[in-house]
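Novice: The structure follows.
The values are calculated or read from the model by the stated rules, or taken from the named source; none is laboratory data. As the structure is a prediction and not an experimental result, all values here were calculated from the model. Quick reminder, even Gly has a Cβ in these numbers, built from the backbone with ideal geometry, and neighbours come from all protein chains shown.
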Amino acid sequence: MLTISVLASGRGSNFQSIIDAVKNGRLQATISLLITDNPDAFAIQRAHDGGIEHLVMQPKIFRSRDEYYQAVANELHRRGTDLVVLAGFMRIIGKPLVEAFPNKIMNIHPALLPAFPGLHGQKQALDYGVKISGCTVHFVDEGMDTGPIIIQAAVPVRDEDSEETLSNRILQFEHKIYPEAIRLFSEGRLEVVGRRVRVKGSPPDDRGLTSPSLG
Ligand code: GRF
């Protein structure tokens, strides 16, 4: 069975969607560890409630960024991690961790990459004036939101949207496509060819290419 470890910095609603998918059997996996860089992260409470071990690891206690990510990689290896899931982990991943888990680290971003990478993807989309935004699950490389794309969901932007209402609409789709991407990985169905990720077998149920409200 797939062993997952999660890295999160904040409220952890995506972490929760993965916990729930494991609980209700949609995802055959074990979540072995949460690592957070934020001792106040609500994700810690979710790990506690889900009976999942957690570690607080803050870069400031390490001599360098590389040492930090090497230490994180060591903890992940120690738990037999097959897949590292970034769920609102607010840092760019350093080389020692990317190299320790090649094409085995996933991230979710609240925009249709390559549009609006980095912080506040939803606000960037609103400010730009796009009519459709969404969310993207991708493999992680050393860049900022640049790795090969696994699943995207398109979400409409409404005239009356604020950053909050758009973020909430996108979040509902994040909670669907993240567990789905992990399920495909767990079934050995993701094949990375250059920048492209092929899904082997039948197409994912919940690919979310268009949201219901887009018709
Ligand atoms: C999500 O919007 C995710 O796309 C982004 O950070 C946010 C994390 O939210 N990477 P949560 O902590 O999972 O609730």
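Novice: Pairs under 6 Å by beta carbon, first residue more than 16 Å from the ligand (Cβ to nearest atom) in region 67-95, partner aromatic (Phe, Trp, Tyr) and in a helix (DSSP H, G or I), six or more apart or different chains?
Specialist: So the pair list comes out as 83/185; 94/69.
Novice: Regarding residue 156, is this residue under 19 Å from residue 166 (Cβ atoms), within 15 Å of the ligand (Cβ to nearest atom) and either out of contact with any Asp or Glu (no Cβ under 9 Å at 6 or more places or on another chain) or assigned by TED's automatic domain parsing to the domain that holds residue 189 (or both)?
Specialist: No; evaluated as a whole, the condition is false for this residue.
Novice: Among the residues of region 135-161, how many are over 14 Å from the mean Cα position of the chain (by Cα) and in contact (Cβ under 8 Å) with a residue 12 or more places away in the chain?
Specialist: Summing the residues that are over 14 Å from the mean Cα position of the chain (by Cα) and in contact (Cβ under 8 Å) with a residue 12 or more places away in the chain in region 135-161 gives 7.
Novice: Residue check, residue 189 against (1) touching a residue at least 24 places away in the same chain (Cβ under 8 Å); (2) closer than 23 Å to residue 17 by Cβ; (3) touching a Gly at 6+ places or on another chain (Cβ under 7 Å), all met but one. Which one?
Specialist: Condition not satisfied by residue 189: (1).
Novice: Within region 23-61, which residues are in contact with a strand residue (DSSP E or B) (Cβ under 8 Å, 6 or more places away or on another chain) and without any contact (Cβ under 8 Å) to a residue 12 or more places away in the chain?
Specialist: Across region 23-61, the qualifying residue is only 48.
Novice: Would you tally the residues in region 1-25 being part of a helix (DSSP H, G or I) and within 15 Å of the ligand (Cβ to nearest atom)?
Specialist: The number of residues fulfilling the criteria is 9.
Novice: Would you mention how many residues in region 26-71 are closer than 15 Å to residue 4 by Cβ and either part of a helix (DSSP H, G or I) or among the basic types (Lys, Arg) (or both)?
Specialist: Going through region 26-71 one residue at a time, the tally reaches 4.
Novice: Counting only residues that are of a type in the set (Gly, Ala, Ser) and more than 24 Å from residue 40 (Cα to Cα), which one in region 96-122 is nearest to the ligand (Cβ to nearest atom)?
Specialist: 111
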